[in-house]
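The values are calculated or read from the model by the stated rules, or taken from the named source; none is laboratory data. Keep in mind that this is a model prediction, so the values were computed, not measured. Cβ sites come from the backbone with ideal geometry, for glycine too, and all protein chains shown count toward neighbours. Accessible surface areas use protein heavy atoms only, side chains included; no ligands, DNA or RNA. Shrake-Rupley method; radii C 1.70, N 1.55, O 1.52, S 1.80 Å.
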Amino acid sequence: MSTNIIAIDGPAGSGKSTVARALADTLGWSFLDTGAMYRAVTCEAMYQGVDMKDDDALGTLASQVQIVTLPRVSVNGRDVQDQLRSDEVNTAVSLVAANPKVRAAMVDRQREFAAIQESGTVVEGRDITTVVFPNATLKVFLTASLEERSRRRDDESEHSVARRDHADYSRLVSPLRQADDALILDTTGRSIEEVVGEIIQCLKNIDSK
Ligand code: CDP
């Protein structure tokens, strides 16, 4: 078992998923997209007709639901991959992710996932560097201009991206913020290879210390 973890946080469209996947491939590590987990809970709540404002009902659902994120996302055996980025989910996920009971259930699973990986794990989300793995081997915060982040999200309007950002930065539980010791990378106008290369270099510098 390995305690090697690269934790990546950042707002929507900052490049987290693409960079995290590429890093995991390069290093031969596992990859965990925690946003997909919050989106999966949202899909299931919609499917079961649970009121998104009912904290207890959502918390119970999150603690009992079975989620698989790879190779496709499924909830309780139902494939929801193609619904994850629908307008309905983009709107409701902010409410689901602001629920402390849902967060507690997801954080437990995220830690359990990393604990059983042989090599290491690249994990990306909003609270990974600050709450889930504050002692990660390397912590990274990715940013990019709102214009570029919306351009990368051709399935979501700039307004929706800005609204989700605001909800993520301002919520009471585990808001999105930069960890003090995170490597902060602005990915505006930069290629995936460049960003991945810089993170790998940073990891090597840590290893050689
Ligand atoms: O891909 P994108 O950055 O647009 O979003 P995502 O990573 O799929 O996450 C969707 C939503 O889940 C975010 O807007 C957050 O509200 C929530 N989320 C969270 O609260 N904590 C995480 N660790 C990951 C996602």
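Evaluated against (1) over 21 Å from Arg21 (Cβ atoms); (2) at pLDDT below 95, Leu172 falls short on exactly one condition, (2). Using the structure shown, decide if Ala36 is closer than 18 Å to Val89 by Cα, within 12 Å of the chain's Cα centre (by Cα), of a type in the set (A, V, I, L, M) and within 16 Å of the ligand (Cβ to nearest atom). Yes; evaluated as a whole, the condition is true for this residue. Pick from the stretch 168-179 the residues that are hydrophobic (A, V, I, L, M, F, W, C) and open to solvent by 20 Å² or more (accessible area, probe 1.4 Å): which of them is farthest from the ligand (Cβ to nearest atom)? The selected residue is Leu172.
Count of the stretch 168-199 residues, restricted to those that are closer than 18 Å to Arg149 by Cβ, β-branched (Val, Ile, Thr) and not in a helix (DSSP H, G or I), is 3. Can you find a residue that is polar (S, T, N, Q) and crowded, with 16+ Cβ neighbours inside 10 Å anywhere in the stretch 46-68? No - not one qualifying residue is present in the stretch 46-68. Scan the stretch 51-65 and tell me whether some residue there is touching a helix residue (DSSP H, G or I) at 6+ places or on another chain (Cβ under 8 Å) and within 11 Å of the ligand (Cβ to nearest atom). The answer is no, given that none of the residues of the stretch 51-65 is touching a helix residue (DSSP H, G or I) at 6+ places or on another chain (Cβ under 8 Å) and within 11 Å of the ligand (Cβ to nearest atom). Residues that are open to solvent by 40 Å² or more (accessible area, probe 1.4 Å), in contact (Cβ under 8 Å) with a residue 40 or more places away in the chain and not in a loop (DSSP other than H, G, I, E, B) within the stretch 152-167 comprise Arg152, Arg163, listed in sequence order. Going by the conditions given, is Glu147 free of Cβ contacts under 8 Å to residues at least 24 places away in the same chain, in contact with a helix residue (DSSP H, G or I) (Cβ under 6 Å, 6 or more places away or on another chain), over 22 Å from Val65 (Cβ atoms) and surrounded by fewer than 18 Cβ atoms within 10 Å (Cβ to Cβ)? Taking the combined requirement at face value, the residue does not satisfy it.
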